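I have placed the structure first, in the form of structure tokens, so that the comments after it can refer back to it.
The values are calculated or read from the model by the stated rules, or taken from the named source; none is laboratory data. What you see is a predicted model, and the numbers here were worked out from it, not measured in a lab. Here the Cβ positions follow ideal geometry from the backbone for every residue, glycine too, while neighbour counts run over all protein chains shown. Heavy atoms of the whole protein, side chains included, go into the accessibility calculation; ligands, DNA and RNA do not. Shrake-Rupley method; radii C 1.70, N 1.55, O 1.52, S 1.80 Å.
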Amino acid sequence: MNDSGKGVPQDHTKVMEWNLKAANQGNARAQGIIGVMYHEGKGVQQDYSKAMEWYLKAANQGFAHAQTNIGVLYHHGEGVQQDYSKAMEWYLKAANQGDAYAQTSIGALYYH
């Protein structure tokens, strides 16, 4: 609710606060959300390295959305050296779990 501003004022600081509590207890979804916040610079300074750190925590627990986002970082060279083979590796992990964005992104890599 704090993220969308529905029912309460939009407050990315609170979004980070609540997600950190869950993430530090091993919640993969919360770890992925923190990764997105750093990736997009929502409520924090944009930091691709921190995004990758949080995405990896979630991805290593099998969280498909985080796996896709690691693929995005490698695909676009955001905070890492652009590497299509690593992007493909991460997209495939997520795609095999049914992540539609990862499945579409695999097709996009074939054009590079």
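In segment 37-65, what residues are hydroxyl-bearing (Ser, Thr, Tyr) and more than 13 Å from ASN19 (Cβ to Cβ)?
TYR48, SER49, TYR55
From the set of residues in segment 25-42 that are in a loop (DSSP other than H, G, I, E, B) and closer than 19 Å to ASP11 by Cβ, which is least open to solvent (accessible area, probe 1.4 Å)?
For segment 25-42, the residue satisfying everything is GLY41.
Evaluate the following for HIS75: is it surrounded by 14 or more Cβ atoms within 10 Å (Cβ to Cβ) and either β-branched (Val, Ile, Thr) or closer than 18 Å to ASN19 by Cα (or both)?
Considered against the rule, which asks whether it is surrounded by 14 or more Cβ atoms within 10 Å (Cβ to Cβ) and either β-branched (Val, Ile, Thr) or closer than 18 Å to ASN19 by Cα (or both), HIS75 comes out as no.
Just for segment 1-24: of the residues that are at pLDDT 90 or above and of a type outside the set (D, E, K, R), which one is surrounded by the fewest Cβ atoms within 10 Å (Cβ to Cβ)?
ASN24
Given the conditions (1) touching an Asp or Glu at 6+ places or on another chain (Cβ under 7 Å); (2) under 19 Å from TYR110 (Cα atoms); (3) of a type outside the set (A, V, I, L, M, F, W, C), report the number of the one that ASP83 does not fulfil.
All conditions are met except number (1).
Right, TYR38: aromatic (Phe, Trp, Tyr), modelled with pLDDT of 95 or more and either in contact with a His (Cβ under 9 Å, 6 or more places away or on another chain) or farther than 29 Å from ILE106 by Cα (or both) or not?
So TYR38 fails the test.
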